[in-house]
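*Asks:* Just dropping this structure here.
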Amino acid sequence: MSKLVFFVTCPKGIEYLLEDELGSFGLTPVRNAPAGVWAEGTLEGGYRACLWSRLANRVILHIDEVNAVSGDDLYDGVVHLDWQQHIAVDGSFRVMFLGQNEAIRNTQYGAQRVKDGIADRFRASGGQRPSVDAKNPDVTISARLNRGRLSLGIDLSGHSLHMRGYRVEKGLAPLKENLAAALLIRAGWPEISRNGGDFIDPMCGSGTLPIEAAMMAMDLAPGRNVDRFGFERWLGHQPDLWSALRQEAKDRGEAGVKAASSRIAGFDQDRRVIDTARHNLQRAGLEGLVELGSCPVAGLFFEGIWSEKGVVLTNPPYGERLSDRKELGALYQALGDAVKRGVPGWRLGVFTGAPEFGKSIGLRSYKQYRLFNGKLPAQLLLFEIDEVNAMTPHEPNVPGEVTPRIANSERAEMFANRLKKNAKLMGQWARKQGISCYRVYDADMPEFALAIDSYEGRIHVQEYAAPKSVDERAARERLAEALAVIPGTLGIEREELVCKQRQRQSGTSQYEKQAASNEFFQVHEHGCVLKVNLKDYLDTGLFLDHRPVRHWIQQHAQGKRFLNLFCYTGAATVHAVVGGASRSLSLDMSKTYVGWAEENLALNGADPKRHKVEQADCLAWLAA
Ligand SMILES: C[S@@+](CC[C@H](N)C(=O)[O-])C[C@H]1O[C@@H](n2cnc3c(N)ncnc32)[C@H](O)[C@@H]1O
């Protein structure tokens, strides 16, 4: 069989798993792309991917790549390809077009030009041409535009393979089947089930995780109940090869069901979703092979005999869509308690968009995977259920906390691009100047009204108070979006980001304590060392926008006496001292800041006899 090229698409973040899976179908992965893998192999490998892939969305047989800088370019490329070997003259097709560029601004126009090219190719060689059928075509043409190039292929799957045919009814917030499969692989289920381990999802909703777990454990092909694949009326189809593969899948499935020894179960507190799960189970042909029951997590007591090893994998609600965040701490803690009580020695996997609640589980997580649930950033947290990993559950709820979330990915990407560009430019500049604390972004895009500062690589985000004309919810949505993209764009962990929502100040609230982390650390500016704290106060101990004045003072201080009224943390005095001031006096009313200023001066080797800091009311001091 000749070597073919395939592009197999998948949810973002699971490309590496797909790469391994394609290898097991006899395909050779060549290169990963975002949300897909390029691979080479035979048509048999392509068929196997359609029938057996638990992770793929679509399997596209690559035909060719053509220039698509303009609509005419694209048409010229398409019209020269040999479509007659793929689509019957009396058949039908549709074009699935993805992407846009300056000339091809929308997918409808792109698809139209591809259709024109294909139709004209047939017309030129005889007159008759296939019809276009958007709903039930014989062949689906995949056209993917990337800048000036268009990649063309036959969509062998014909539909997204996450639809296995068993889930017609959904619970609330269901997981996509192929994402569920990816979570099971990451949690080590294939190996644990091979060794006879068991599986439980205590919040199973419509049953996606137990159903996928059972199909894996019993070697059941996920595509075995699919009515029709995209290749069945494609001219290159090899029906004998395909029926042999179907037969093989049937035999393997029967043997797998006979040999399986894992106990697999799903529970949910909601009786109605358990009914839904039961219907899905029937449709998947797994009746009697997976146990289902309605029970709240807190009441789970693992009846009957379970293996010593196994996996509890679940996708609890995480506040965005299903329930109030305030109750979640208790739910995650109940989950931790239940598994510690019921299945010690097992592994626990929790897939959540609110990973901060992982701390409420009361176990130390040994591995975290960053993924997406649709567009929502989410994490898979893995735990070994073992006393040595136990910890005191923490309540993560901070009043007014905003959960990172992307509502509009295009807008988020624009923001991320701007931030990335700024960070690169500012980073280069700051390194040259010997500065480790600087502003990366200052409301450069008006809809993202934030000040983002980098302090020795840690990130401090402040939200400017939105004017009354801006809708509160919209402002919150943008803040959530910014918080979702900042860690990845600036290369930091989410925990290294501190976010403060700035309200208009009244009275002395600016100086009141916001938290009590006591996390002080040092930053550098023009040869001076300064202590900052990003968490405990509204401000950090260093006003970045005063840097030019501090530098000026440093450059003009040689041999001079320096008076700093309202000195705050004494940063300007430090610059004067480093610049060679002979004496200085710094005054502030606050005991905290007087102490902080003294420490800053000491850090820079100032002689306390000549450089004094005093607690005083500056106006009274001046009047005296
Ligand atoms: C995000 S959904 C799970 C979706 C599921 N993975 C699917 O694919 O359909 C979360 C589920 O947790 C269930 N749940 C919430 N609190 C629970 C509790 N205390 N005990 C058991 N189930 C609970 C909800 O009824 C809901 O079905």
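*Asks:* Spin-label point model (7 Å from Cα, Cβ direction): what's the Leu81 to Glu519 distance in nm?
*Replies:* 5.1
*Asks:* Just to confirm the number: angle between the C-alpha axis of helix 591-603 and the first principal axis of the chain, 0 to 90 degrees, nearest 10?
*Replies:* Helix 591-603 sits roughly 90 degrees off the main axis of the chain.
*Asks:* Next up: Could you state the number of Å between the C-alpha centres of region 442-500 and region 356-387?
*Replies:* 24
*Asks:* Oh, and also: Region 210-282 to region 46-114: how many Å between their Cα centroids?
*Replies:* The two parts, judged by their Cα centres, are 29 Å apart.
*Asks:* Then there's this: Ignoring everything except DSSP H segments at least 4 long, calculate the 222 nm mean residue ellipticity for the chain; use -39,500 (n - 2.57) per segment, divide by total residues, nearest 500.
*Replies:* Calculated mean residue ellipticity at 222 nm is -10500 deg cm²/dmol.
*Asks:* Okay, moving on. Under 16 Å Cα-Cα from Lys367, which aspartates and glutamates qualify once same-chain neighbours fewer than 8 residues away are excluded?
*Replies:* Reachable aspartates and glutamates: Glu356, Glu384, Asp386, Glu493, Glu495.
*Asks:* Met414 accessible area, nearest 10 Å², 1.4 Å probe?
*Replies:* My reading of the accessible area for Met414 is about 110 Å².
*Asks:* Something else about it: Quote the FRET efficiency, to the nearest 0.05, computed for Arg194 versus Asp64 with a Förster distance R0 of 35 Å and r equal to the Cβ-Cβ distance.
*Replies:* 0.25
*Asks:* Test of understanding: what is the full-extension gain from Val529 to Ala474, defined as 0.36 nm times their sequence separation minus their Cα-Cα distance?
*Replies:* Extra length available between Val529 and Ala474 comes to 15.8 nm.
*Asks:* Right, something else. How far, in degrees from 0 to 90, does helix 177-186 lean away from the longest principal axis of the Cα atoms of the chain, to the nearest 10?
*Replies:* Approximately 60 degrees, to the nearest 10.
*Asks:* Kindly write out, for region 446-457 in residue order, the coupling ³J(HN,Hα) from the Karplus curve 6.51 cos²θ - 1.76 cosθ + 1.60 (θ = phi - 60°), rounded to whole Hz, with x marking Gly and Pro.
*Replies:* So the Karplus estimates, Gly and Pro as x, are x, 6, 10, 7, 10, 10, 10, 10, 10, 10, 6, x Hz.
*Asks:* Tabulate in residue order the Karplus-calculated ³J(HN,Hα) for region 46-51, using 6.51 cos²θ - 1.76 cosθ + 1.60 with θ = phi - 60°, rounded to whole Hz; enter x for Gly and Pro.
*Replies:* x, 5, 4, 4, 5, 7
*Asks:* Could you compute the FRET efficiency for Gln282 and Ala35, with r as their C-beta to C-beta distance and R0 at 35 Å, rounded to 0.05?
*Replies:* That pair, Gln282 with Ala35, gives E of 0.60.
*Asks:* Below 23 Å, Cα to Cα, which lysines can Lys115 reach? Residues fewer than 8 away in the same chain don't count.
*Replies:* Lys135
*Asks:* Using R₀ = 51 Å, calculate the FRET efficiency as 1/(1 + (r/R₀)^6) where r is the Cβ-Cβ separation of Gln555 and Glu493; round to 0.05.
*Replies:* 0.85
*Asks:* Measuring with a 1.4 Å probe in the full set of protein chains, what accessible area per residue, in whole Å², belongs to the chain?
*Replies:* 47
*Asks:* Tell me the net charge near Glu254. Cut-off is 15 Å between Cβ atoms, Glu254 excluded, with +1 for each Lys or Arg and -1 for each Asp or Glu.
*Replies:* Net local charge, Glu254 excluded: +2.
*Asks:* Can you give me the solvent accessible area of Ser584 with a 1.4 Å probe, rounded to the nearest 10 Å²?
*Replies:* Taking all protein chains as shown, Ser584 has close to 10 Å².
*Asks:* By a straight-distance test (C-alpha under 30 Å), which lysines pair with Lys591 as possible cross-link partners, with residues fewer than eight away in the same chain excluded?
*Replies:* Lys500, Lys513, Lys531, Lys535, Lys560, Lys609, Lys612
*Asks:* At a probe size of 1.4 Å, how large is the accessible area of Leu419, to the nearest 10 Å²?
*Replies:* Solvent-accessible area, nearest 10 Å²: 0 Å².
*Asks:* Return one number: the angle in degrees, 0 to 90 and rounded to the nearest 10, between the long axis of the Cα atoms of helix 208-217 and the longest principal axis of the Cα atoms of the chain.
*Replies:* Value to nearest ten degrees: 60.
*Asks:* Quick one: length gained pulling Thr42 to Asp251 fully straight, 0.36 nm per residue minus the C-alpha distance?
*Replies:* Extra length from Thr42 to Asp251 when fully extended: 73.0 nm.
*Asks:* OK, next. With 24 Å as the limit, write out which pairs from Lys12/Lys309; Lys176/Lys359; Lys258/Lys309 have Cα-Cα distances beyond it, or answer none.
*Replies:* Long pairs (Cα-Cα over 24 Å): Lys12/Lys309; Lys176/Lys359.
*Asks:* Given 0.36 nm per residue, what is the gain on full extension from Met445 to Asp275 after removing their alpha carbon distance, in nm?
*Replies:* The Met445-Asp275 span can extend by a further 56.3 nm.
*Asks:* A further question follows. Could you work out how far the C-alpha centroid of region 401-434 sits from that of region 588-624, in angstrom?
*Replies:* That distance is 37 Å.
*Asks:* Which order do His237, His80, His394 take when ranked by solvent-accessible area (1.4 Å probe, heavy atoms of all protein chains), largest first?
*Replies:* Final ranking, largest accessible area leading: His80, His394, His237.
*Asks:* Using the Karplus curve 6.51 cos²θ - 1.76 cosθ + 1.60 with θ = phi - 60°, what ³J(HN,Hα) values do you get for each residue of region 367-372, in whole Hz, with x for Gly and Pro?
*Replies:* 7, 10, 10, 8, 9, 10
The values are calculated or read from the model by the stated rules, or taken from the named source; none is laboratory data. As the structure is a computational prediction, the values presented were derived from the model and not from experiment. All Cβ positions, glycine included, derive from the backbone under ideal geometry; neighbour counts span all protein chains shown. Just so you know, the surface numbers come from the protein's heavy atoms only, side chains and all, with ligands and any DNA or RNA stripped out. Shrake-Rupley method; radii C 1.70, N 1.55, O 1.52, S 1.80 Å.
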